[in-house]
Amino acid sequence: MPRPHGGKLIERILKGKERERVLQEIGEIERIDVDKGIAADIENITKGVYSPLEGFMTREELETVLHFKRLPNDLPWTLPILLGLPEDKGQCLKEGDDLALFYKNSPLALLHIDEIYSFDKEEIAKYTFGTTDEAHPGVARVYKMSGSFVAGKIDLVEEPKGPYDRYKLSPKETRYLFRQKGWKTVVGFQTRNPPHLGHEYLQKTALTFLDGVFINPVIGTKKRGDFKDEVILEAYEVLIEKYYLKNHAVLAIVPYEMKYAGPREAVHHAIMRKNFGCTHFIVGRDHAGVGNYYKPYAAQEIFEEFPDLGIAPLFFKTFFYCRKCGGITHEKACPHGEEYRLKFSGTRIRELIRRGELPPKELMRPEIAEIIMKNPHPFVE
Amino acid sequence: MSAERETEEKKKFTTISIPTPLFEKIKERIKGTGFTSVSSYVTYVLRELLAEKEEEEEPFTKEDEERIKARLRALGYID
């Protein structure tokens, strides 16, 4: 099992008397309210998913990440993890102060301020997303920030509660679990969709040479038309129960808001899974992409820059169903023409479901299709 | 790029000496590859060399282990 990124798994969760003391005092500390995406970042920092980060980035960290895709100590790191300050807060805070972070009007974490700084939002967007186009959802999110940022270590005070907490494991827990299962090699699979047969074959192909698969759906703010979380989780529960060996697959969620930073985000996703204890990570075509901002294989090519990442990316050819082969195959194995191929298109599967038609069994297991179809509103509206 | 920024950027690099024949050999080697300079090649190779190898997992404390085991059992991940 790989060491956590940077060598040490971070855990900054207040417990016992210290937590009680902070909870008593937190009402008197200057506070800001954070959204779901930042709340997820806070949870991930304090539980070690973003190890070695212990808080939000300083100016120096931001600069090296933007320009070199590395932290100041040369460790690979590709995405800025920032906490923007609202316009009105900059004046009343200074370095050395504590700042209370609230989510949904409840205390979430305490930030110990190391630095308050301004940074050019366009520069952040340009390097992170490769574009300054406001139509890009990640760029739009950066532009909504004030341009003033606060950096410092954070301590989790109260874990945010969600409807799927029974599926939420921390890196400490997954590392223990993988060890208990005797897994030496684990492949991480990120998803935001119920599984079709292409996903299943991808995972099972990896399982032919690795010990376990860690299926890790991201739970966060969704776009209109995305599958609802409950549909994704129920579908995977059934798939694992009926079609996987119990001791070779683990399903657990991670709270996370997609940034749509394409190649840079693919590396970030791999680092997160390394911290969960994975040795390998499946990187898809146009991983974490949106629109036409990134070249189809840019998210795979970027890994060439990181010989020291500590987790091996796995790049697969696209699977499809070939009528002539009579099974699922891929372009390096199937000699037949396009006319025989049935492609695993998420868009096509969604269209069929919207029309009330069952996706063909060559594309999706009937049990999975039924779970989706029985839900009167499987998509986010 | 401002002069101040340029100085800051330069501070992030340093110079090391390698034998000239080796330098020339690397220069030949990187022709037609994605490497844009001998420096970028040497940096890559050194990073690869220094990358963490599989090491022993940090041990769990007894308290951690009990807490984790109880939670995983309650959630149905272990028997």
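Brief remarks on what is shown
- Ranked by how many other beta carbons lie within 10 Å on average, peptides A:365-378, A:199-212 from highest: A:199-212, A:365-378
- q = 0.07, 0.08 Å⁻¹: log10 I(q)/I(0) that the Debye formula gives for the protein assembly as shown, counting C-alpha atoms only: -0.39, -0.52
- Point-charge dipole on Cβ atoms (K/R +1, D/E -1) for the protein assembly as shown, about Cα centre, debye to 20: 1780
- The alpha carbon gyration tensor of the range A:114-167 gives principal lengths a ≥ b ≥ c with a/c of 1.5 or higher and a/b no greater than b/c, which makes the shape oblate.
- Cβ-placed point charges (K, R +1; D, E -1), dipole of the range A:231-293 about Cα centre in debye, nearest 20: 260
- Summed residue charge, Cβ within 14 Å of A:A252's Cβ, Lys/Arg positive, Asp/Glu negative: +3
- Stretch gain in nm, segment A:L358-A:Q180, where the contour uses 0.36 nm per residue and the Cα spacing is subtracted: 60.2 nm
- Inter-site label distance for B:V45 and A:E304 at 7 Å from Cα along Cβ, in nm: 1.8
- The range A:37-80 and the range A:147-183: distance between their alpha carbon centers, rounded to Å: 16
- Computed extension length for A:K8-A:V380: 130.1 nm, one decimal, from 0.36 nm per residue of separation with the Cα-Cα distance subtracted.
- Choice from A:V213, A:V187, A:V34 with maximal GNM fluctuation in chain A (Cα, 10 Å cutoff): A:V34
- Residue order, fewest to most beta carbons within 10 Å, for A:R348, A:R341, A:R175: A:R348, A:R341, A:R175
- Distance between the pseudo-spin-label points of A:E123 and B:T14 (7 Å out from Cα toward the beta carbon): 2.5 nm.
- Highest-MSF residue in chain A out of A:G310, A:G225, A:G182 [GNM, Cα springs under 10 Å]: A:G225
- Leading residue at positive end of dipole, chain A (Cβ point charges), from A:L363, A:F119, A:F316: A:L363
- Burial ordering of A:E381, A:E305, fewest other beta-carbon atoms within 10 Å first: A:E381, A:E305
- Take every pair of alpha-carbon atoms less than 8 Å apart whose residues are at least six positions apart; their mean separation over the length of the range A:104-171 yields a relative contact order of 46 percent.
- The Cα atoms of the range A:311-363 give a gyration tensor whose axes a ≥ b ≥ c have a/c of 1.5 or more with a/b no greater than b/c, which makes the shape oblate.
Bear in mind these aren't lab numbers, they're just calculated from the coordinates by the rules spelled out. Since this is a predicted model, take the numbers as computed values, not measurements. Every residue, glycine as well, gets a Cβ built from its backbone with ideal geometry; the counts of neighbours run over all protein chains shown.
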